[in-house]
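Trainee: Quick one: the structure is below, questions incoming.
The values are calculated or read from the model by the stated rules, or taken from the named source; none is laboratory data. This one's a predicted model, so the numbers in the text were calculated from it and none came from an experiment. No Cβ is skipped: glycine too gets one built from the backbone with ideal geometry, and neighbour counts run over all protein chains shown. To get the accessible areas, we keep the full protein, side chains included, count just its heavy atoms, and leave off ligands, DNA and RNA. Shrake-Rupley method; radii C 1.70, N 1.55, O 1.52, S 1.80 Å.
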Amino acid sequence: MSSPIGSSHSQSQGNQQWGGRYSAGPSAIMEAINASIGFDRKMWRQDIRGSLAHAAMLRHVGIISADDEAAIQEGLKAIGEEIEGGSFPFSEALEDIHMNIEARLTERIGEAGKRLHTARSRNDQVALDIRLWVRDAIDGIDGQIADLMRALTDRADEHAATVMPGFTHLQPAQPTTLGHHLLAYVEMLGRDRSRLGDCRARMNESPLGSAALCGTGFPIDRHMTAVALGFDRPTRNSLDGVASRDFALEFLSALSICATHLSRFAEEIVLWTNPYFGFVALSDAYTTGSSIMPQKRNPDAAELVRAKVGRISGSLLGLLTVMKGLPLTYGKDMQEDKEGIFDAAESIALALAATAGMVRDMKPDGARLREAAGAGFSTATDLADWLVRELRLPFRDAHHVTGRLVAKAEARGVDLPGLSLEEMQEEEPRIHSGVFGVLSVEASVASRTSYGGTAPVNVRRMAAEWRERLA
């Protein structure tokens, strides 16, 4: 009986067909799956920075000579210039950025280059590099979030009194202001910055000197390299130093939450630019046309920002899955941390830049926003509150009276201010003409002066506070 997967000849043909570049055999497959230079070359700056600090420490404690350190320093500087200039000969056969740089260093300076790896392992070297890379990424992303917060704050101050509908369940609820709405995202982004700051503080320990897993017998000074690299201290346990990636998980978690906030705002931009809403317009800089429908202006930038959370949270889930079953200490599985980290950081950076651009670009339609703010009996709560304040009705009774008035207005095809005083008094005889002073959308938002409320005076005050904090 023939094999269900065919003969060896057909398997060979299948390997060529399905395997593509891997048809040369196991060595080619192993080289391809093992090599990380295609993506971890992004860490070349961090790798050189760590090696410079390590070399200085080795010379300080007498493990290498001053001449060797000088040669290493000069060689690493030259390699950095080669990489920056695009002339560095990256080799997949050398697997990763660490071995590529070390091999090139030895080519350039000879025996001294071979001494650089004394008292360290690729395990603590890669743990160091990825911490440095994530730390640098946090600093850059923090600046971008702050820039977006400034953009939102400026537009909020500009539109502190621009009334718009507030929604619950995407149904008209109460009037609010565009400024108040935008400041809600400033608050969310402020917490995103805080989460990233907490992540940075927790991860700011140097694993360098943990070596392969158990430390080293050489008389190294881990505190010296930690200080030189801007860390608060060295990691306290060598096993943890090389085996842990929770800092990367926390980083990806913070990015996922931030991306979720950006996605929510992007969804609102998509809705607001729809002609059926007509709340804001975006210029050609952040929209695209249709290949077949000449009238279209598609909010593609917002849609792509909305989608980025899928990639970013996917990177988080991917790394959680990689790490969940790994015994201590290092496993090659952990090589899979980097591509997701790099992609997530690049994705959030692009999403933040696009969102800040849209915030500065968008043109709100004040008249349309004001018209929509008054629709759907949006000042019904103000009427109920007035009945409580002025007539001393219990709120539940006021709620019932207001509900009957809404039903009456709906039956007549008018909004609440369209009812006459007599029609209102049919439901509650004590209602007087003062009620009309609270039924406009402007009066509604102006009345909500409680701390954190939507009143324009509050919005201006909060915008000023944020501007000062972000200065």
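Trainee: Using Cα pairs under 8 angstrom and six or more residues apart, how large is the relative contact order of the chain, in percent?
Mentor: Relative contact order here is 16 percent.
Trainee: Now for a separate question. Leaving out ligands, DNA and RNA, what percent of the accessible area of the stretch 28-116 is carbon and sulfur, probe 1.4 Å?
Mentor: 49 percent
Trainee: To the nearest 10 degrees, how steep is helix 456-470 against the longest Cα principal axis of the chain, on a 0 to 90 scale?
Mentor: Once rounded, the angle reads 10 degrees.
Trainee: Ok, one more. Identify, among Pro89, His117, Ile64, the residue whose Cα sits farthest towards the positive end of the charge dipole of the stretch 60-119, taking +1 on the Cβ of Lys and Arg and -1 on the Cβ of Asp and Glu, with the dipole about the Cα centre.
Mentor: Projecting each Cα onto the dipole axis, the largest value belongs to Ile64.
Trainee: Can you tell me the 0 to 90 degree angle between the C-alpha axis of helix 395-412 and the longest principal axis of the chain, rounded to 10?
Mentor: In the chain, helix 395-412 runs at an angle near 80 degrees to the longest axis.
Trainee: Please list, by residue number, everything in the stretch 33-60 whose backbone N is under 18 Å from a paramagnetic label point 7 Å out along Cα→Cβ of Thr118.
Mentor: 51-60
Trainee: At a 1.4 Å probe, what is the % contribution of carbon and sulfur to the accessible area of the stretch 377-470?
Mentor: 54 percent
Trainee: Would you calculate, for the chain, the mean residue ellipticity at 222 nm contributed by helices, counting each DSSP H stretch of 4 or more residues as -39,500 (n - 2.57) and dividing by all residues, to the nearest 500?
Mentor: Computed mean residue ellipticity for the chain: -20500 deg cm²/dmol.
Trainee: Using +1 on the beta carbon of Lys and Arg, -1 on that of Asp and Glu, and nothing else charged, what's the dipole of the chain about the Cα centre, debye to 20?
Mentor: The calculation lands at about 400 debye.
Trainee: Which entry in (i) 77, 56, 43; (ii) 100, 53, 39; (iii) 99, 68, 42 matches Cα extents along the principal axes in Å derived from the coordinates of this structure?
Mentor: Among (i) 77, 56, 43; (ii) 100, 53, 39; (iii) 99, 68, 42, the one derived from this structure is (iii).
Trainee: Write down the accessible area per residue of the stretch 377-470 in Å², having rolled a 1.4 Å probe over the full set of protein chains.
Mentor: Here the residues of the stretch 377-470 average 53 Å² of exposed surface.
Trainee: Here's something else I'd like to know. Which value, in debye to the nearest 20, gives the size of the charge dipole of the stretch 377-470 about its Cα centre, when Lys and Arg are +1 and Asp and Glu are -1 at the Cβ?
Mentor: Dipole about the Cα centre, nearest 20: 460 debye.
Trainee: If you don't mind, there's one more thing I want to ask. Which value in nm describes the separation of the simple spin-label points at Leu421 and Arg236, placed 7 Å from the Cα toward the beta carbon?
Mentor: So the label points at Leu421 and Arg236 sit 7.5 nm apart.
Trainee: How large is ³J(HN,Hα) for each residue in the stretch 256-271, as worked out from phi by the Karplus curve 6.51 cos²θ - 1.76 cosθ + 1.60 (θ = phi - 60°), to whole Hz, x for Gly and Pro?
Mentor: After applying 6.51 cos²θ - 1.76 cosθ + 1.60, I find 5, 5, 4, 4, 5, 5, 5, 5, 5, 5, 4, 4, 5, 4, 4, 5 Hz.
Trainee: Which whole-number percentage describes the relative contact order of the stretch 28-116, with Cα contacts under 8 Å and a sequence gap of 6 or more?
Mentor: Over the stretch 28-116, the number comes to 42 percent.
Trainee: Which residue, Asn458, Ser313, His399, has the largest displacement toward the positive end of the dipole of the chain when charges sit on each Cβ (Lys, Arg +1; Asp, Glu -1)?
Mentor: Among Asn458, Ser313, His399, the one farthest towards the positive end of the dipole of the chain is His399.
Trainee: Going by alpha carbons, how many degrees (0 to 90, nearest 10) lie between the helix axis of 178-203 and the longest principal axis of the chain?
Mentor: Computed tilt is about 20 degrees.
Trainee: Pairs Lys308/Lys338; Lys114/Lys332; Lys42/Lys77; Lys42/Lys324; Lys308/Lys363: which exceed 22 Å Cα-Cα?
Mentor: Violating the 22 Å limit, Cα to Cα: Lys114/Lys332; Lys42/Lys324; Lys308/Lys363.
Trainee: Taking the solvent-accessible surface of protein heavy atoms with a 1.4 Å probe, what is the per residue accessible area of the stretch 28-116 in Å²?
Mentor: Result: 46 Å² of accessible area for each residue.
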